[in-house]
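Take a look at the structure set out below.
Read-outs throughout are calculated quantities, based only on the coordinates presented, and are distinct from any laboratory measurement. Predicted, not measured: the structure shown is a model, and the values here were computed from it. Ideal geometry is used to build each Cβ from the backbone, glycine not excepted, and the neighbour counts take in all protein chains shown.
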Amino acid sequence: MSDLNKNIADVRFSKLFEDAYGSPTELADILDLGLEMLFYVEEGAFSQREIQQVVTALRDINGMLKGKS
């Protein structure tokens with residue numbers, strides 16, 4: 001990846017943090033919750049909204065890493 005493309009990807013990823021999650025810390029908190037869900041998921045353990053937040057975060061990161069956003 002060229003330096004220009006890397007810089008563009010960095011800016012887009014930073015914008016994702018700001019637009020969707022407010023801060024890298026907020027995104028990290030959602031992803032941490034997702035990791036816990038993978039280990040402890042059972043009916044009633046997490047709200048549907050919590051699961052949707054994690055799925056959205058993972059989709060956004062996946063899209064950025066694949067260059068689709």
Residue-normalised 222 nm signal for the chain, counting each DSSP H run of n ≥ 4 as -39,500 (n - 2.57), nearest 500 deg cm²/dmol, is -23500 deg cm²/dmol
So for the chain, averaging the separation of alpha carbon pairs under 8 Å that are six or more residues apart and normalising by length, what relative contact order in percent results?
34 percent
What angle do you read, to the nearest 10 degrees and between 0 and 90, between the alpha-carbon axis of helix 48-65 and the longest principal axis of the chain?
20 degrees
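Which values, in whole Å and largest first, are the semi-axes of the equivalent ellipsoid of the stretch 3-65 obtained as the square root of 5 times each eigenvalue of the Cα gyration tensor?
In descending order, the three semi-axes are 27, 11, 9 Å.
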As I understand it, the value is the acute angle between the Cα axis of helix 3-16 and the longest principal axis of the Cα atoms of the chain; what does it come to in degrees, rounded to 10?
40 degrees
With Cα coordinates, the longest principal axis of the chain makes an angle with the long axis of helix 24-40, in degrees rounded to 10, of 40 degrees
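Tally Lys and Arg at +1 and Asp and Glu at -1 over the other residues with C-beta under 10 Å from the C-beta of A20: what net charge comes out?
The answer is -3.
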